[in-house]
Amino acid sequence: MARPKDLGLEHAWRLRLRRQAASGLSIADFCSREAVSTASFYAWRRRLDASRPLATPDPPLFVPIRLGPSSPSGDATPHRGFIIELPHRVRLRCDAAPDPTWLGRLVAALADVAARENIP
């Protein structure tokens, strides 16, 4: 029968691991100061790292799209550029499609500025 988790002990070790990382001390020196064995330190570090879910990359804020050539107005040269209108009278005009990652970061940064300035 498996022993139930002691959440208080787990929390204490999480804090201890953070303190060691911030202390600038070697693991041996830190463990000596904390009166714990280095073997316990490494065992808890492995145990807590294993319980942490694997990080998944953030999905892109924008994904590339492909527009087929269409010119409903009969225009001989279709316009490839586009305009993105954002709140607060912000307009992004692009003559060609920018990198989606760059565009996502730009829009996120603009949204962050609006949030910091309490713009609805």
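The values are calculated or read from the model by the stated rules, or taken from the named source; none is laboratory data. Please read these numbers as outputs of a predicted model, since none were measured by experiment. We place every Cβ from the backbone using ideal geometry, glycine too, and count neighbours over all the protein chains shown.
For this structure, a couple of remarks:
- Here region 77-107 is the region considered, the condition is being of a type in the set (Gly, Ala, Ser) and at pLDDT 75 or above, and the residue that is farthest from the chain's Cα centre (by Cα) is Ala96.
- Residues of region 30-46 that are over 16 Å from Ala12 (Cβ atoms) and more than 33 Å from the chain's Cα centre (by Cα): Ser32 alone.
- Taken together, the criteria exclude Leu61 from residues that are surrounded by 10 or more Cβ atoms within 10 Å (Cβ to Cβ), assigned to a loop (DSSP other than H, G, I, E, B) and either modelled with pLDDT of 80 or more or among the β-branched types (Val, Ile, Thr) (or both).
- Residues of region 14-29 that are within 32 Å of the chain's Cα centre (by Cα) and of a type in the set (A, V, I, L, M): Leu15, Leu17, Ala21, Ala22, Leu25, Ile27.
- Neighbours by Cβ (under 9 Å, 6+ apart or cross-chain): first from region 99-110, outside the structural domain of Leu86 (by TED's automatic domain parsing) and part of a helix (DSSP H, G or I); second among the polar types (S, T, N, Q) and at pLDDT below 80: none
- Some residue of region 4-15 being exposed (fewer than 10 other Cβ atoms within 10 Å of the Cβ) and modelled with pLDDT under 75: yes
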